[in-house]
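The values are calculated or read from the model by the stated rules, or taken from the named source; none is laboratory data. Because the structure is predicted, anything quoted here is derived from the model rather than measured. Reconstructed Cβ throughout: ideal geometry from the backbone, glycine too, with neighbour counts over all protein chains shown. Just the protein is used for accessible areas: all its heavy atoms, side chains included, with ligands, DNA and RNA removed. Shrake-Rupley method; radii C 1.70, N 1.55, O 1.52, S 1.80 Å.
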Amino acid sequence: MVRPRHLDHAAWWPLRPEARAAWADALDLELGDPERRYAAGRRARDLLERATAATAAVVGVADQDLVWTSGGTEAIDLAVIGTARAAERRGDPRRHLVVSAVEHSAVLRAAERLRDEHGYALDVVGVDGSGTVDPDEVASRLRADTVAVHLQHANHEVGAVQPTDEVARACQRVGALLHVDACQSVGQMGLTLGHLGADLLSASAGKFGGPPGTGFLALGPRARLAPQLTGDERQRGRRSGAIDVAAVAAAAVALQAADRDLAVERSAREVARRHLRARWPEVVADVQLHGPLADAHPGIVAASALYVDGEALVTALDTAGFAVHSGSSCAATSGQPSHVLVAMGALTHGHVRVSVGPTTTIGDLDEFLDAYAEAVRTLRATVRG
Ligand SMILES: Cc1ncc(COP(=O)(O)O)c(C=O)c1O
């Protein structure tokens, strides 16, 4: 039996041991509703406040400016739609948005909803062959009626890191908000809202070793939100509904552990990433590597191969004991090629994304490459008949 290798950290990062322990401890506390004033409620409130303070400190915002959500997708939805609707409520006439073409589908779908259902103008900025936007191009799209720019920090499919600081300066010049989707970077690349110069930052705990289905939106002083879930006044009226306090406590502990170990984890992953990039084209012909070598996420490597199907490759690699990803999560259900690769003008055929973790070894990657080369050979032989 082959030892299974998890090479899909960009989709889900295995629960960190500290987070697992914190989660179990929290469940043992028999937490009540943090809004209740009796003992079980006070225990929950106390734990929630401590988790919020710890998390807010890591991303550099005040405790009251952290909004817990059901994950990255909801945090993004709140950032995109919540900021626009808050501006509308103030009587602000601005109705223009800018996004990049390689955003996660959560950003793209939310922005398209504002365009299609609320009459917003939407500018989608293209990227170069490495998946990176030109900050001058983004700046040139800004208008007097631009409400917000939504730009990811690191791309989830090819690892390109966007020039958010230059975009932030351009946004400040015209008074537009900048929301950074940092779901792939928080806990992995040491970001704070202040360093980014952003007004909002969205994060997903399942991507830094916390519980999946938990995330947050961090807010700077200029950000205003209209709630998307209504029904009560929790979280200062920004997001209604019960909070899973035990999961939030585990997420906070995961983020603290990730932040503590960041330098070591990042450099180990960077070594693995460079090794994989260097060797990948050596093991198979007709392969195109994606994403930049520098200014990149430390753990993501992606490549396409001619004459093979990505999903068939994923299945063959799974049989060989390697968990990798192909296409984008929206593409996986739609059967469409990855919109990120299409925007880059890259080869979409036989796309495989490997995302390494801190414990991924060079030996694991060499074994992966052997299995990959074998799978490509077999699949190409089938295609050629
Ligand atoms: C860049 C990016 N943004 C947002 C998300 C959505 O996060 P979640 O799965 O927590 O909803 C993902 C998940 O893959 C992502 O990679």
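Within 14 Å of the ligand (Cβ to nearest atom) and either touching a strand residue (DSSP E or B) at 6+ places or on another chain (Cβ under 9 Å) or not in a strand (DSSP E or B) (or both): which single residue out of Leu97, Leu122, Leu108 fits that description? Can you show your working first?
Details: Leu97 fails: within 14 Å of the ligand (Cβ to nearest atom); Leu122 fails: within 14 Å of the ligand (Cβ to nearest atom).
The match here is Leu108.
Please work out if Gly119 is surrounded by fewer than 24 Cβ atoms within 10 Å (Cβ to Cβ) and touching a helix residue (DSSP H, G or I) at 6+ places or on another chain (Cβ under 7 Å).
On the way: surrounded by fewer than 24 Cβ atoms within 10 Å (Cβ to Cβ): yes; touching a helix residue (DSSP H, G or I) at 6+ places or on another chain (Cβ under 7 Å): no.
When the stated conditions are applied, Gly119 does not pass them.
Here are some residues: Ala53, Ala19, Ala87. Which one is surrounded by 23 or more Cβ atoms within 10 Å (Cβ to Cβ) and at pLDDT 95 or above? Step through it out loud before you land on a result.
Working: Ala53 fails: surrounded by 23 or more Cβ atoms within 10 Å (Cβ to Cβ); Ala87 fails: surrounded by 23 or more Cβ atoms within 10 Å (Cβ to Cβ).
Exactly one of Ala53, Ala19, Ala87 is surrounded by 23 or more Cβ atoms within 10 Å (Cβ to Cβ) and at pLDDT 95 or above, namely Ala19.
If you check every pair at least six apart or on different chains, which have Cβ atoms under 7 Å apart with a residue in the range 163-190 that is more than 11 Å from the ligand (Cβ to nearest atom) first and a residue that is in a strand (DSSP E or B) and open to solvent by 10 Å² or more (accessible area, probe 1.4 Å) second?
From the range 163-190, the pairs are Cys171/Leu177.
Would you confirm whether any residue within the range 83-92 is within 16 Å of the ligand (Cβ to nearest atom), under 29 Å from Ser185 (Cα atoms) and charged (D, E, K, R)? Step through it out loud before you land on a result.
Keep residues of the range 83-92 that are within 16 Å of the ligand (Cβ to nearest atom), which gives none.
No, the range 83-92 contains no residue that is within 16 Å of the ligand (Cβ to nearest atom), under 29 Å from Ser185 (Cα atoms) and charged (D, E, K, R).
From Leu114, Leu31, grab the single residue that is in the same structural domain as Glu157 (by TED's automatic domain parsing), surrounded by 17 or more Cβ atoms within 10 Å (Cβ to Cβ), outside any helix (DSSP H, G or I) and away from the ligand (no atom under 16 Å from the Cβ). Show your work before the answer.
Details: Leu114 fails: outside any helix (DSSP H, G or I).
Sole residue among the options that is in the same structural domain as Glu157 (by TED's automatic domain parsing), surrounded by 17 or more Cβ atoms within 10 Å (Cβ to Cβ), outside any helix (DSSP H, G or I) and away from the ligand (no atom under 16 Å from the Cβ): Leu31.
Outside the structural domain of Ala154 (by TED's automatic domain parsing) and out of contact with any Gly (no Cβ under 8 Å at 6 or more places or on another chain): which single residue out of Arg269, Arg274, Arg236, Arg224 fits that description? Let's see the steps before the verdict.
Details: Arg269 fails: out of contact with any Gly (no Cβ under 8 Å at 6 or more places or on another chain); Arg236 fails: outside the structural domain of Ala154 (by TED's automatic domain parsing); Arg224 fails: outside the structural domain of Ala154 (by TED's automatic domain parsing).
From the options Arg269, Arg274, Arg236, Arg224, the qualifying one is Arg274.
Quick one: in the range 203-233, which of the residues that are out of contact with any strand residue (DSSP E or B) (no Cβ under 6 Å at 6 or more places or on another chain) and of a type in the set (S, T, N, Q) is farthest from Gly60 (Cα to Cα)?
Among those residues, the one meeting the criterion is Thr230.
Return the only residue of Ala19, Ala57, Ala75, Ala40 being out of contact with any strand residue (DSSP E or B) (no Cβ under 6 Å at 6 or more places or on another chain), part of a helix (DSSP H, G or I) and within 16 Å of the ligand (Cβ to nearest atom).
On the way: Ala57 fails: within 16 Å of the ligand (Cβ to nearest atom); Ala75 fails: out of contact with any strand residue (DSSP E or B) (no Cβ under 6 Å at 6 or more places or on another chain); Ala40 fails: within 16 Å of the ligand (Cβ to nearest atom).
Answer to the selection: Ala19.
Go through the range 173-224 and report how many residues are open to solvent by 10 Å² or more (accessible area, probe 1.4 Å), more than 27 Å from Arg273 (Cβ to Cβ) and part of a strand (DSSP E or B).
Residues meeting the conditions: 1.
Only one of these conditions is not met by Ser140: (1) over 27 Å from Ala57 (Cα atoms); (2) open to solvent by less than 30 Å² (accessible area, probe 1.4 Å); (3) more than 16 Å from the ligand (Cβ to nearest atom). Which number is it?
(2)
Could you figure out which of (1) open to solvent by 30 Å² or more (accessible area, probe 1.4 Å); (2) out of contact with any Cys (no Cβ under 9 Å at 6 or more places or on another chain); (3) at pLDDT 95 or above; (4) more than 30 Å from Ala26 (Cα to Cα) isn't true of Ser329?
Evaluating Ser329 over (1) open to solvent by 30 Å² or more (accessible area, probe 1.4 Å); (2) out of contact with any Cys (no Cβ under 9 Å at 6 or more places or on another chain); (3) at pLDDT 95 or above; (4) more than 30 Å from Ala26 (Cα to Cα) leaves (3) as the failure.
Filter the range 143-162 down to the residues that are without any contact (Cβ under 8 Å) to a residue 60 or more places away in the chain and either away from the ligand (no atom under 16 Å from the Cβ) or among the basic types (Lys, Arg) (or both) and list them by number. Spell out the reasoning first.
Here is the first cut: in the range 143-162, the residues without any contact (Cβ under 8 Å) to a residue 60 or more places away in the chain are 143-146, 149, 151-153.
Result: Arg143, Ala144, Asp145, Thr146.
Please name all residue pairs, on different chains or six or more residues apart, with Cβ atoms under 6 Å, provided the first residue is in the range 273-285 and is charged (D, E, K, R) and the second residue is modelled with pLDDT of 95 or more and part of a helix (DSSP H, G or I).
Listed pairs, sorted by first residue: Arg279/Leu369.
Based on what the data block shows, is Gly82 touching a Leu at 6+ places or on another chain (Cβ under 6 Å) and either outside the structural domain of Leu317 (by TED's automatic domain parsing) or of a type in the set (A, V, I, L, M) (or both)?
Working: touching a Leu at 6+ places or on another chain (Cβ under 6 Å): yes; either outside the structural domain of Leu317 (by TED's automatic domain parsing) or of a type in the set (A, V, I, L, M) (or both): yes.
Here the answer is yes, as Gly82 does meet what is asked.
If I filter the range 60-72 down to residues being touching a residue at least 24 places away in the same chain (Cβ under 8 Å) and of a type in the set (A, V, I, L, M), which single residue comes out as farthest from the ligand (Cβ to nearest atom)? Give the derivation first.
Quick first cut of the range 60-72, residues touching a residue at least 24 places away in the same chain (Cβ under 8 Å) only: 60-61, 64-72.
Restricting the remaining residues to those that are of a type in the set (A, V, I, L, M) gives 61, 66-67.
Working: Val61: 19, Leu66: 16, Val67: 14 Å.
Filtering first and then ranking leaves Val61.
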